[in-house]
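Here the structure is laid out as C-alpha cells; the discussion comes afterwards.
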Amino acid sequence: MLIPLSPMDYYFLRKNLYTIQFVFPYEGRLDESRFRKAVALALRNFPALCSRLKIISDTEAALEVQPIKDVSIRVLSLADPFELSTEEDTAAHLVDSVITEPGEPLLKLTLGYSKTRSYLAVSLSHLVGDGHSLFQFLIAIAEILRDRVAIEPSNDRLALEAGMSNFARPVDLKRLFDETGYIRPRPPGPSSSAREKILYSFDAIEELKREAEAREFGLTTNDIIMADLLRKFYTKVPLYNGQLIVRCPIDYRRIHPEVQAGLLRKTYFGNSVCDAVALFDPICFQKQSLREVALQIRRAILRVDAPAILKNLECLRDLRLQEGIRVFESLGCPGLLVSNLTKMPFRQMDYGVGPPVRVIHASLNPRLAALFADPRGIEVSICLSN
C-alpha cells in the first residue's frame, strides 16, 4: 500500500535533517515482551510508521507500507548506574537515528536497561509526521497496555489538500519566503553547536509577564518566553537579508478550514504545522522592550489563519511541481525556531512503571529551542552554534 505525501510532508524530504528524537528514562524495568506486543497492536492503526520512502517520479514520492514485523525494537544492556556526562552523550548512546532514504526504516525504537532504570529512545523521520503525531502513537501503546481502547488516528493525508486552489503559480524567492517562511539556498550549517538548558521558574515567568504587561496586551507565556530567548541569544542567530527572525511552528489541526467541514480530524496523523515568522530590524530590536518584541511575535502567530495555511500548502505544492522533489534539499529555515512542547502528554506515557522521570530532547538541530513543562516552571533546551 502506498500513502501519498501531503504538500507539507515534502518539505521534510531530507536525508539527514529533521528527525524527531527523544529519550524517556523510567524508574524500574519495562516489560519488554508486553511492550513489544503493545507496539505491534498500536502499529495496526499507524501504517505510516511501518513505511519506507518510495520515489515514484521526479515530482512525486510516497510512503510504502511494510509488514508490522519490520519495525524493529533494539534492546541494549546498560551499565549501572547509566549516567553519562551530558544528555547529548546519553542520547547519542541510546538513539538509533533514522535516515530519510528510499528503503530505510523511518521509525526506530530502542529499549535500554540498567539495573534500576529503563530507557525508551525514539527516532522518527519528520517526513512521516510531526510531534503531535508521534505522541498519538506513544500514548496508544500506553492505552493498549492498560487494556483501554486507543484513539484511532486519521490517516487521510489528502484531507490537507481540500480547499487548495487547483491553479499552480510560479514560485520565486519572494513568494517562497512570504508564503512559507523558507529560503533557498539553505545556508551552510555551523561547524559545531552546543545545547544549553534554561529554567524559567514560575516566579521568573510572572516577573517577565509583569515587565511585558502581558495581561493588558493579551500576551501568552509562549510569546513572552520567545521574546526573552531572542533577547538573550540574538547575537548567535544569523541574519537573513539584514533581518533578525524568530519563528514557531503552529499546529493547525484546529485552524485548517477543512476541520470545520469534518475532513481534517484533530487526530490527523502526518505533518500539520505552519511556521509563524516574526521579523525584526537588528538595530531597532536592541532598543525594543520585552513587550514590543512579544507583541510582534503575537501578531505573527495571529497571521497563521486559514488563508495563510492554504497559501503555504499551495506554495509548497507549486514548488514541487515546478522543480521536482529534490528542491526540498535546498530549502532553509532562517532564524531562531522555538517549539513549544509544554502541552505534550508525556505523563500519559505510562508503560507499566509510571510516567518517564524526565524527557531528553535528542534532536540536535541548530537554532532550535524546545520548551518543556517542568514541576518548577518551563525548561528550555536550546541548541546554538558555537
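The values are calculated or read from the model by the stated rules, or taken from the named source; none is laboratory data. The model shown is predicted, which means the values in this text are computed figures rather than measured ones. Here the Cβ is made from the backbone with ideal geometry for all residues, glycine too, and neighbour counts use every protein chain on show.
Within the range 355-377, restricting attention to residues that are over 18 Å from the mean Cα position of the chain (by Cα) and in a strand (DSSP E or B), the residue that is modelled with the highest pLDDT is 377.
From the list 140, 91, pick out the single residue that is in contact (Cβ under 8 Å) with a residue 40 or more places away in the chain, crowded, with 22+ Cβ neighbours inside 10 Å, touching a helix residue (DSSP H, G or I) at 6+ places or on another chain (Cβ under 7 Å) and not in a loop (DSSP other than H, G, I, E, B).
Unique residue meeting the criteria: 140.
Return a yes/no flag: does the range 188-203 have any residue that is out of contact with any strand residue (DSSP E or B) (no Cβ under 9 Å at 6 or more places or on another chain) and over 21 Å from residue 245 (Cβ atoms). The answer is no, given that none of the residues of the range 188-203 is out of contact with any strand residue (DSSP E or B) (no Cβ under 9 Å at 6 or more places or on another chain) and over 21 Å from residue 245 (Cβ atoms). Taking the criterion of being among the charged types (D, E, K, R) and touching a Lys or Arg at 6+ places or on another chain (Cβ under 6 Å), the only residue of the range 172-212 that qualifies is 179.
Looking at the range 1-11, can you tell me whether even one residue there is more than 27 Å from residue 309 (Cβ to Cβ) and either touching a Phe, Trp or Tyr at 6+ places or on another chain (Cβ under 6 Å) or part of a helix (DSSP H, G or I) (or both)? The answer is no, given that none of the residues of the range 1-11 is more than 27 Å from residue 309 (Cβ to Cβ) and either touching a Phe, Trp or Tyr at 6+ places or on another chain (Cβ under 6 Å) or part of a helix (DSSP H, G or I) (or both). Exactly one residue out of 53, 30 is surrounded by 15 or more Cβ atoms within 10 Å (Cβ to Cβ), within 28 Å of residue 328 (Cβ to Cβ) and at pLDDT 90 or above, and it is 53. Of all residues in the range 20-42, none that is outside the structural domain of residue 128 (by TED's automatic domain parsing) has its Cβ atom under 9 Å from the Cβ atom of a residue that is surrounded by fewer than 20 Cβ atoms within 10 Å (Cβ to Cβ), 6 or more apart or on another chain. Scanning the range 120-155 for residues that are modelled with pLDDT of 95 or more, over 22 Å from residue 17 (Cβ atoms) and in contact with a strand residue (DSSP E or B) (Cβ under 7 Å, 6 or more places away or on another chain) gives a single hit, 120. Do you know which residues across the range 186-208 are more than 22 Å from the chain's Cα centre (by Cα) and over 26 Å from residue 302 (Cα atoms)? The answer is 191, 201, 203.
Every listed requirement among (1) closer than 21 Å to residue 19 by Cα; (2) in contact with a Leu (Cβ under 6 Å, 6 or more places away or on another chain) is met by residue 268 save one, (2). Applying the criterion of being farther than 17 Å from residue 197 by Cα and either among the aromatic types (Phe, Trp, Tyr) or crowded, with 21+ Cβ neighbours inside 10 Å (or both) to the residues of the range 209-236, the residue that is nearest to the chain's Cα centre (by Cα) is 223. Would it be correct to say that residue 153 is loosely packed, with under 12 Cβ neighbours inside 10 Å and touching a residue at least 60 places away in the same chain (Cβ under 8 Å)? Answer is no for this residue. Collect the residues in the range 343-354 that are part of a loop (DSSP other than H, G, I, E, B) and free of Cβ contacts under 8 Å to residues at least 60 places away in the same chain, keeping them in residue-number order. Passing the criteria: only 343. Restricting to the range 168-185, name every residue that is closer than 22 Å to residue 297 by Cα, hydrophobic (A, V, I, L, M, F, W, C) and not in a helix (DSSP H, G or I). Correct list: 183 only.
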